[in-house]
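Shown next, in structure tokens, is the structure this report addresses.
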Amino acid sequence: MKRFFVFILFFIFYNNLYALCEYSVKENQPYFELKGNWDFFKGSGTIAADPNLDISSWKSINVPFKWFQVKELNNYKGEIWIRCNIVFNFVPQELYLDLGFIKEIDEVYWNGIRVGGTGNFENRIPDFSEKRIYSIPPILLKENNVLAIRIYGSFWNAGIGDIPKLSFDSSFLRDKNKFEMFAIAFSLTYIFSSTFFIFFGIFTQEKKSNLYFALFSIFLALYHMILWGLRYKFFNNYIVSYIAELLLLIPLPFLFISFIKEWLNLEKIPLYNFIKLFTILLMISALLGYFISVVYRTIYLHIITYINLMNITISLIVIIKTFLTYRKEKYKELKYLFYGLLFLVPFLLNDMLVALDILRTPRMFVFSYPVFLLVMAISLSERTLQLKTQAIRQVDDLRLIEKQKLQVIYNISNEFQSVFDELKQNILLRKNYESALICLNYLIESAQILHLLESKKYFLQPVKINLTEETLKVIDDVLKATKQKKNRLDINLPKNLTSVWMDIQLYRMILYHLLENALLYTVDEVELTISIEDQSLKIRVYDKGPGIPVELQDKIFDKYVRGNHSKIPGSGIGLTIVKECVMLLSGTIHFESKQDFYTLFEINIRELKEIT
């Protein structure tokens, strides 16, 4: 009976391959699958690769498998061995072992001889991105062969994810290399196209949107170049390369959302700040992965990967929601991008499911993205035409505006130049540049207030102020701005006065410009007297300077009118602001000047809201 059983087995596997793991294949087949029960041992030691080792105590395991699918491997962090006996009754000319993707480290032995491995057992450096394909040297081939595989895993998803195959033809390797070369070539197109978007942004109004899109394309290109065969061209250590891969992948959702935000000129997008913060935290977490203990490093980096897939999902939902929200309002900007995004989504979902080990299909996003680049090029061309049309329509308006600005620019340019020269000189000499900053601040504030006053858009904001305190602040500012000593001012302030109701901004403008003029255009003492009389605030500024020429005295409150002091920088709007402020406060201005003798300004502001 036993002889009959042996005869039947020999007949079944005649001219085929016979394996104790119960595999068979016809001789003319290009490959066959090593799927089924293998011998299994949990533990370490290279002696397990010895073909003569007694493995009667080994258990059985179904290949392919993951740690979480095998009861003995639940929560196990360590090495295992799996073996299979293979019998040939023909002599293969070529033989390749295709194990697919293994997590995390592996070594392959054929008849006790090491024929390849990925990762580093000694330092526990894994590699769960490279496909395992090993060439079996013909010299090692026998009629009876032992295939032994050593695997290290440290988390639930470790193990062999694909069905192992023995191939007799190297054509599949050529196909794999071509696929990777095409992927790298496509990635390079991303980088070339990103330079186009950067230069396009420089010479158009779309600077931010083009910058975000260019960064997105560059990060995506580098990520795919690492993923598709150039990992060990850039890095010597897999962990470092994987962290770099994560640092390129994690910012992609935020960069794309930022591009959409700028492209559509949106003030805000739902969850934008959350995704921004989430991205920063994920990148920091990825960097910390390098310092995690080797025992937990793999699972830590996988958790970061899975969390980032969640980030991509949330971002994709936000992008689709944004497109649907503004599909009518921003139709011109969205019409091409919407179809481009619809084209990308299936490929993106495929790659995400592959990353989660749910699908075993090839990653295809790298080949779909050029279509989106083409869509972007069309959108940019159309938007360029729109901008050109708008620019032509605005030419006349711009010319008119420029003419109106010429007078303003001419008058204030000297003052700005003086401030900037002072700032530059003080910075170079490491001196205090507070004076220039005060001048600049008052100049800008004066221009803003004058615009509001003339356009009737300034509204009084009376508040209770400490008159003495606020006056001294303005005096301190004007002395610093004009670089004058305090002894140049003879200050007379009211006594026994706690506070008054006043628009503090207008009061500061009035006092600053009166004192600034007096200190800049005279060399003698300037008298400042402030008093309260008959429910009115009176400001008196008197100087014994050169006075104001008679021919200019009727025009001193007009804009851009200046005396014969071309060497002293000024905007020509100081006294104009004083007049406008006093008028808004329902006050009066008395002015008199005698050339070569004195100049006097008296301000009387009536009807204050309250004096205490």
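The values are calculated or read from the model by the stated rules, or taken from the named source; none is laboratory data. A quick note: this is a predicted structure, and the numbers were derived from the prediction, not measured. Positions of Cβ are generated from backbone atoms using ideal geometry, with glycine treated the same way; all protein chains shown enter the neighbour counts. For accessibility, only protein heavy atoms count, side chains too; no ligands or nucleic acids. Shrake-Rupley method; radii C 1.70, N 1.55, O 1.52, S 1.80 Å.
Among the strands (runs of 3 or more DSSP E) confined wholly to the stretch 58-118, which include 1 or more residues that are without any contact (Cβ under 8 Å) to a residue 60 or more places away in the chain?
Answer list for the stretch 58-118: 59-63, 96-103, 105-110, 113-118.
Out of all the residues in the stretch 141-163, which are outside any strand (DSSP E or B) and of a type in the set (Phe, Trp, Tyr)?
Phe155, Trp156
Do you know which residues across the stretch 283-307 are over 17 Å from Ile239 (Cβ atoms) and of a type outside the set (Val, Ile, Thr)?
Passing the criteria: only Tyr306.
What residue, among those in the stretch 318-335 that are open to solvent by less than 30 Å² (accessible area, probe 1.4 Å) and under 15 Å from Ser379 (Cβ atoms), is modelled with the lowest pLDDT?
Leu334
Only one of Glu415, Glu422 is modelled with pLDDT under 70, more than 19 Å from His513 (Cα to Cα) and either in contact with a Leu (Cβ under 9 Å, 6 or more places away or on another chain) or open to solvent by less than 50 Å² (accessible area, probe 1.4 Å) (or both); which?
Answer to the check: Glu422.
Looking at this structure, is Val541 at pLDDT 85 or above, farther than 15 Å from Ser446 by Cα, more than 53 Å from the chain's Cα centre (by Cα) and among the β-branched types (Val, Ile, Thr)?
Yes; evaluated as a whole, the condition is true for this residue.
Please specify each residue of the stretch 103-147 satisfying the condition of being on the phi < 0 side of the Ramachandran plot and of a type in the set (Lys, Arg).
Matches in the stretch 103-147: Lys103, Arg114, Lys131, Arg132, Lys142.
Where in the stretch 475-550 are there strands (runs of 3 or more DSSP E), lying fully within it, with 1 or more residues that are farther than 15 Å from Gly587 by Cα and open to solvent by 40 Å² or more (accessible area, probe 1.4 Å)?
Qualifying strands (runs of 3 or more DSSP E): 489-492, 526-533, 536-543.
Scan the stretch 210-246 for residues that are out of contact with any Gly (no Cβ under 6 Å at 6 or more places or on another chain), aliphatic (A, V, I, L, M) and under 18 Å from Pro126 (Cβ atoms) and jot them down.
Those that are out of contact with any Gly (no Cβ under 6 Å at 6 or more places or on another chain), aliphatic (A, V, I, L, M) and under 18 Å from Pro126 (Cβ atoms): Ile226, Leu227, Ile239, Val240, Ala244, Leu246.
Consider Ile303 against the criteria (1) within 27 Å of Glu245 (Cβ to Cβ); (2) open to solvent by less than 60 Å² (accessible area, probe 1.4 Å): it satisfies all of them except one. Which criterion is unmet?
That leaves (2) as the condition not met.
Rundown of residues vs (1) surrounded by 15 or more Cβ atoms within 10 Å (Cβ to Cβ); (2) over 25 Å from Ser194 (Cα atoms); (3) not small (Gly, Ala, Ser), yes/no style:
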residue	(1), (2), (3)
Leu337	yes, no, yes
Phe347	yes, no, yes
Asp351	yes, no, yes
Val354	yes, yes, yes
Ile358	no, yes, yes
Phe365	yes, no, yes
Pro370	no, no, yes
Leu374	no, no, yes
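Going through the stretch 449-474 one residue at a time, which ones are assigned to a helix (DSSP H, G or I) and either polar (S, T, N, Q) or surrounded by fewer than 16 Cβ atoms within 10 Å (Cβ to Cβ) (or both)?
His451, Leu452, Glu454, Thr468, Glu469, Thr471, Leu472, Lys473
This table checks each residue for (1) open to solvent by less than 10 Å² (accessible area, probe 1.4 Å); (2) under 18 Å from Arg231 (Cβ atoms); (3) of a type in the set (Val, Ile, Thr); (4) under 32 Å from the mean Cα position of the chain (by Cα).
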{"residue": "Phe121", "(1), (2), (3), (4)": "no, no, no, no"}
{"residue": "Arg124", "(1), (2), (3), (4)": "no, no, no, no"}
{"residue": "Pro138", "(1), (2), (3), (4)": "no, no, no, no"}
{"residue": "Ile149", "(1), (2), (3), (4)": "yes, no, yes, no"}
{"residue": "Gly153", "(1), (2), (3), (4)": "yes, no, no, no"}
{"residue": "Lys165", "(1), (2), (3), (4)": "no, no, no, no"}
{"residue": "Ser171", "(1), (2), (3), (4)": "no, no, no, no"}
{"residue": "Phe179", "(1), (2), (3), (4)": "no, yes, no, yes"}
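Based on what the data block shows, is Thr361 at pLDDT 80 or above and of a type in the set (Ser, Thr, Tyr)?
Criteria met by Thr361.
In the stretch 275-304, how many residues are part of a helix (DSSP H, G or I) and in contact with a helix residue (DSSP H, G or I) (Cβ under 7 Å, 6 or more places away or on another chain)?
Here the count works out to 15.
What number of residues in the stretch 232-264 are more than 21 Å from the chain's Cα centre (by Cα) and surrounded by 19 or more Cβ atoms within 10 Å (Cβ to Cβ)?
The qualifying residues number 2.
Do you know which residues across the stretch 182-197 are touching a residue at least 24 places away in the same chain (Cβ under 8 Å) and within 16 Å of Ile226 (Cα to Cα)?
Scanning the stretch 182-197 gives Phe182, Ala183, Ile184, Phe186, Ser187, Leu188, Thr189, Tyr190, Ile191.
With respect to Asp98, is the statement that it is among the acidic types (Asp, Glu), open to solvent by 10 Å² or more (accessible area, probe 1.4 Å) and within 17 Å of Ile82 (Cα to Cα) true?
So Asp98 passes the test.
If I ask for residues that are surrounded by fewer than 22 Cβ atoms within 10 Å (Cβ to Cβ) and at pLDDT 80 or above, which ones from the stretch 196-215 would you list?
Lys208, Leu211, Leu215 - these are the residues of the stretch 196-215 that are surrounded by fewer than 22 Cβ atoms within 10 Å (Cβ to Cβ) and at pLDDT 80 or above.
From (1) closer than 29 Å to His451 by Cα; (2) crowded, with 16+ Cβ neighbours inside 10 Å; (3) out of contact with any strand residue (DSSP E or B) (no Cβ under 6 Å at 6 or more places or on another chain); (4) at pLDDT 80 or above, pick out the condition that doesn't hold for Pro569.
(4)
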